[in-house]
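Note sheet for the following structure.
What follows is calculated from the coordinates using simple rules that are stated; it is not laboratory data. Computed from a predicted structure; not experimentally measured. A quick note on method: Cβ atoms are made from the backbone with ideal geometry, for glycine too, and the neighbour counts reach across all protein chains shown.
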Amino acid sequence: MSVKVCVLASGSKGNCTYITDGVTRILIDAGISCRKIEEGLAPLGAKLTNIDAVLLTHEHIDHVYGLHTLAKKYDMPILANSRTAVSVDVKMHTDIARKQKDNFDTGFRVGTADIFPFRVSHDAACPVGYVLTLGGHKVAYCTDLGHITDSVRNNVSGCDVVILESNHDLHMLETGPYPPELQARIKSDVGHLSNEQCAAFAAELALSGARQIVLAHLSEQNNTPSLALKAVQNALEQSGASASIVVAKQNAAVGVEL
Ligand SMILES: [Zn+2]
Ligand SMILES: [Zn+2]
């Protein structure tokens, strides 16, 4: 079996990723409108009515923007840990907290996919990344990371496909338009991953077997796709590892297949 991963949108204006083994169809986050999700799914032969579950990473608006409409119009499970679910309900006027799984934190199954959430360091109630095992492959999703913790390293190492944050170029951030407080928040241990931090971890992942790495959640203000790509390519060259690298986009879908 194969696995297809398509990042429908990625960045501070909205995040949504589609993952399927051809049998089970999963979305991670719904940070864009339902209309945009439908538009992204259509070329992939999918639609919102046949999504098996939506997994949420955390309650920031760029990850839950479309959720109010999605929860109202469709009845697929919307899954999150309890603290995230409560925060989403308060923020988006949804009612997902009382419909959560008891075994969310220790892992669960949706169709043919085994799903395991893991904690990440970010300034939200209880943010997570995910490892999905499906179609004979392991796919990791980890964006909105202040830094690479042992939890991230232990869970993501050994995955075939990794969607990994490469948020900002440090020089662009420090010389750009953001006020000092916002720069400090982004650079902090509960903010976002820089290109250099991403590149060093991407090289580790390539050495541990990652074949496809999707660079995600790039800042439109403080990064460029070519800077993010160059940082990872340099790190891979220095480590002697190889992997296919693509950059996700804010306004267009980017897919990989294994
Ligand atoms: Zn966030
Ligand atoms: Zn985000």
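One table, with the values for the structure above:
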{"quantity": "Residue-wise HN-Hα coupling along the stretch 148-163, computed from phi with Karplus coefficients 6.51, -1.76, 1.60 (Hz; x: Gly, Pro)", "calculated": "8, 8, 4, 4, 5, 4, 5, 7, 8, 4, x, 7, 6, 10, 10, 9"}
{"quantity": "Loop sites in the stretch 144-220: GluC sites (Glu not before Pro), DSSP, at most 14 other Cβ within 10 Å", "calculated": "E220"}
{"quantity": "Whole-number D in µm² s⁻¹ for the chain, Kirkwood Cα-pair radius fed into Stokes-Einstein, 20 °C, 1.002 mPa s", "calculated": "119"}
{"quantity": "Considering only the chain, percent of DSSP beta bridges that pair antiparallel, nearest 5", "calculated": "60"}
{"quantity": "Candidates T17, T133, T69, ranked by Gaussian network fluctuation over the chain, Cα under 10 Å, top entry", "calculated": "T69"}
{"quantity": "About the Cα centre, charge dipole magnitude for the stretch 4-257 (Lys/Arg +1, Asp/Glu -1 at Cβ), debye", "calculated": "600"}
{"quantity": "Tail fraction, Cα-Cα pairs, the stretch 47-178, threshold 24 Å, whole percent", "calculated": "33"}
{"quantity": "Of P225, A125, Y74, farthest towards positive along the dipole that unit charges on Lys, Arg, Asp, Glu beta carbons give the stretch 4-257", "calculated": "Y74"}
{"quantity": "Debye log10 I(q)/I(0) at q = 0.11, 0.13 Å⁻¹ for the stretch 174-258, Cα point scatterers", "calculated": "-0.33, -0.46"}
{"quantity": "Part-to-part distance (alpha-carbon centres) for the stretch 183-258 and the stretch 125-173, which is given in Å", "calculated": "10"}
{"quantity": "Rounded FRET efficiency, nearest 0.05, which uses the C-beta distance separating K13 from S151 and R0 of 45 Å", "calculated": "0.95"}
{"quantity": "Selected from T149, S33, H63, residue furthest toward positive end of dipole (the chain; charges at beta carbon)", "calculated": "S33"}
